[in-house]
Amino acid sequence: MQRCNMLVAASVLCLFASAVTANGQQPDNPNPDTATLVKGNNTFACNLYGQLSNAEGNYFFSPYSISTALAMTYAGARGDTAAEMAKTLHFPIDQGKLHRTFSEMINDIHGKKANQSYELITANRLWGQKGFTFQPAFLKIANDQYGAGFKEVDFIDESEKARLTINAWVEEQTKQKIKELLKPGILNQDSRIVLTNAIYFKASWTEPFLAQLTKNDEFKLPGGKVISDVPMMHKTLPLGQYVDQDGLKVLAMPYGKKELSMIVLLPKTVDGLPELEKTLVTRGPDYLSELFGKLTDTHVSVVLPKFKLTSQFRLDEKLKALGMRIAFNEILADFSGMTTDDKLHITAVVHQAFVDVYEAGTEAAAATAVVGGGQGGGGPGVKPIEFRADHPFLFLIRDNRTGSILFMGRVMNPQS
């Protein structure tokens, strides 16, 4: 009995975003297609967050990485498979224009290296079965629009070696922060193609926390439990971007020349996070647009815990629950835009992400891979408003020029 081809996707998905910048203004010189794409990506991120929010504890992920990896996969989809992927991922424009717009968005986010005040590395790569024929048009889109070069590996006879090669590439691109993205057994002799995306980000705060002001303090958990000796950072922002609304405090803290920001959404009550998550899932990017549009310059005293998070997810069932089912079906899936040598379907979508938030700034990384398998068988004198993140909160890192969310996470316990 013949076995159908497999596609394994390593990917991550993230929450909310809107097409407004952290100071409530529209992105710089917005391209209408880019704005439409960002809105679609952010809608998908909100939907996926709704699928992930039932998990316990801390987590962190990159919607940018996931959307990019799945967009490359979408380039090879046809028929009902493509239609269903577009609906689930909220890709709002046709295939040709979509990939060109993704390319333009990626270039906008990267900015001009000479003037860049942060370090941002994104890389894409296709890994195909040696001797297998892939459609030239598909390879051209991957290379021209996503900068994804093509490398042959041997899944059939040396699948473990191929796994180690791909993991080594991801580790190198993320400066050793993402290790063993693909676990043993996820590749086998039926694998035919892996599509990977890696992203690495490091930036200094525009106004850093002073290390000598960091001191251990309490962090409160729902249910009355208190954690002692959590390193809490302190700083005062004379003109912090801040809004207080609906039982929620929101603070935007820029990096470098303010091209990117971390935005922290802090419920006023210790047990207020579930209600915030429910609102985000229900109202999506429109709610964030409303909040971001109301951010104003305010004299703010900030207390924020130092924390490191590493998360890894399998997203197969989450994507199916959102409506992307055909792509995983070994009989019905149509990825003939990738190859006609064999019949492919997706077998797994995985994602891993890392973040380190400290006094000087933030370091973050994430990776996404898609694997295809073959049929093998205020001011002076004004008392500052206190923004004290000493209980569970959400945070995201966003590009202020396009409105794209690069990373997002939830901190339930900074010591776990």
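When each of Phe132, Phe150, Phe138 is tested for being over 23 Å from Tyr64 (Cβ atoms) and either in the same structural domain as Tyr200 (by TED's automatic domain parsing) or at pLDDT below 95 (or both), the lone residue that passes is Phe132. For the range 153-192, the set of residues classified as outside any helix (DSSP H, G or I), among the basic types (Lys, Arg) and either over 18 Å from the mean Cα position of the chain (by Cα) or not assigned by TED's automatic domain parsing to the domain that holds Leu126 (or both) consists of Lys183, Arg192, listed by residue number. Looking across the range 174-188, the residues that are of a type outside the set (A, V, I, L, M, F, W, C) and within 15 Å of Leu164 (Cα to Cα) come down to Gln176, Lys179, Glu180, Lys183, Pro184, Gly185, Asn188.
Scanning the range 77-94 for residues that are surrounded by fewer than 16 Cβ atoms within 10 Å (Cβ to Cβ) and either in contact with a strand residue (DSSP E or B) (Cβ under 9 Å, 6 or more places away or on another chain) or outside any loop (DSSP other than H, G, I, E, B) (or both) gives Gly79, Asp80, Ala83, Lys87. Ile346 falls short of the stated requirement of being more than 25 Å from the chain's Cα centre (by Cα) and either modelled with pLDDT of 90 or more or of a type in the set (Val, Ile, Thr) (or both). Candidates in the range 49-73 are the residues that are part of a loop (DSSP other than H, G, I, E, B) and polar (S, T, N, Q); of these, the one that is farthest from Glu84 (Cα to Cα) is Asn58.
Counted as qualifying within the range 241-328 are the helices (runs of 4 or more DSSP H) with 2 or more residues that are surrounded by fewer than 19 Cβ atoms within 10 Å (Cβ to Cβ) and outside the structural domain of Arg398 (by TED's automatic domain parsing), namely 316-321. Residues of the range 163-192 that are among the β-branched types (Val, Ile, Thr), surrounded by 20 or more Cβ atoms within 10 Å (Cβ to Cβ) and more than 30 Å from Glu259 (Cα to Cα): Ile166, Ile186. Of all the residues in the range 294-329, those that are over 24 Å from the mean Cα position of the chain (by Cα) and under 30 Å from Gln241 (Cβ atoms) number 9.
Scanning the range 16-39 for residues that are at pLDDT 90 or above, buried (at least 21 other Cβ atoms within 10 Å of the Cβ), in the same structural domain as Lys318 (by TED's automatic domain parsing) and under 25 Å from Gln352 (Cβ atoms) turns up at least one hit.
Scanning the range 228-239 for residues that are modelled with pLDDT of 90 or more and farther than 13 Å from Phe209 by Cβ yields Ser228, Asp229, Val230. Taking the stated definitions as given, is Leu195 surrounded by fewer than 23 Cβ atoms within 10 Å (Cβ to Cβ), assigned to a strand (DSSP E or B) and modelled with pLDDT under 90? It is false that Leu195 is surrounded by fewer than 23 Cβ atoms within 10 Å (Cβ to Cβ), assigned to a strand (DSSP E or B) and modelled with pLDDT under 90.
Got at least one residue in the range 103-122 being within 22 Å of Asn47 (Cα to Cα) and part of a helix (DSSP H, G or I)? Checked against the condition, which is being within 22 Å of Asn47 (Cα to Cα) and part of a helix (DSSP H, G or I), the range 103-122 yields at least one hit.
The values are calculated or read from the model by the stated rules, or taken from the named source; none is laboratory data. This structure is a prediction, so every number in the text was calculated from the model and none was measured. Glycine also receives a Cβ, built like all others from the backbone with ideal geometry; neighbour counts cover every protein chain displayed.
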